[in-house]
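Read through the structure below, which is laid out as structure tokens, and then see the notes.
The values are calculated or read from the model by the stated rules, or taken from the named source; none is laboratory data. These numbers come from a predicted model, not from an experiment. Positions of Cβ are backbone-derived with ideal geometry, glycine not excepted, and every protein chain shown enters the neighbour counts.
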């Protein structure tokens, strides 16, 4: 099973449609659970602490937990698919964590199994959810030797 814990709700209809489409496509390969946690708007320190507590409340330490982090390891799509396959062979549950607009608290960075970066660029977390789902879907297509656009 793949779980995605993310801060914030999707507001734009076109992003909701893309998420639904990739969720449907992924159902052929894996169970998927998306957990939306409310984003907060306190001062940055308090926001990160409140969001940290929300994430920790949903995090299962027996899962393989991956934080999406600009400072994490970078993979191309083939490397990412191999990494995903390796993790799935050792852990039945993988959890991806997408932080809010202020990032995530250092405590989260310290407890995850891995930190992955998709780019040195910063993306809106709503758009990034679609990007993550697309890359997970692409990984399953690669692993199953199925054709998918390049």
Scan region 23-40 residue by residue and report those that are surrounded by 12 or more Cβ atoms within 10 Å (Cβ to Cβ) and farther than 14 Å from residue 9 by Cα.
23, 25, 26, 29, 30, 32, 33
Of all the residues that make up region 117-133, how many are touching a helix residue (DSSP H, G or I) at 6+ places or on another chain (Cβ under 8 Å), surrounded by 18 or more Cβ atoms within 10 Å (Cβ to Cβ) and under 20 Å from residue 64 (Cα atoms)?
2
Which of the residues belonging to region 1-31 are assigned to a helix (DSSP H, G or I) and more than 16 Å from residue 138 (Cβ to Cβ)?
13, 14, 15, 16, 17, 20
Find the residue count for region 40-56, including only residues that are more than 10 Å from residue 7 (Cβ to Cβ), outside any helix (DSSP H, G or I) and in contact (Cβ under 8 Å) with a residue 24 or more places away in the chain.
0
When region 3-22 is checked residue by residue, the ones that are within 19 Å of residue 127 (Cβ to Cβ), surrounded by 14 or more Cβ atoms within 10 Å (Cβ to Cβ) and in contact (Cβ under 8 Å) with a residue 12 or more places away in the chain are 4, 5, 6, 7, 8, 10, 15, 18, 19, 22
Please tell me if residue 66 is within 14 Å of the chain's Cα centre (by Cα) and either outside any strand (DSSP E or B) or surrounded by 18 or more Cβ atoms within 10 Å (Cβ to Cβ) (or both).
yes
Scan region 110-125 for residues that are in a helix (DSSP H, G or I) and in contact with a strand residue (DSSP E or B) (Cβ under 9 Å, 6 or more places away or on another chain) and report the count.
2
Of the residues in region 98-109, how many are modelled with pLDDT of 95 or more and part of a strand (DSSP E or B)?
1
What single numbered condition from (1) within 30 Å of residue 147 (Cα to Cα); (2) outside any strand (DSSP E or B); (3) touching a strand residue (DSSP E or B) at 6+ places or on another chain (Cβ under 7 Å) fails to hold for residue 34?
(2)
Test: residue in region 79-97 that is in contact with a strand residue (DSSP E or B) (Cβ under 7 Å, 6 or more places away or on another chain), part of a loop (DSSP other than H, G, I, E, B) and crowded, with 17+ Cβ neighbours inside 10 Å
no
Is it the case that residue 60 is in a loop (DSSP other than H, G, I, E, B) and either touching a residue at least 12 places away in the same chain (Cβ under 8 Å) or surrounded by fewer than 12 Cβ atoms within 10 Å (Cβ to Cβ) (or both)?
yes
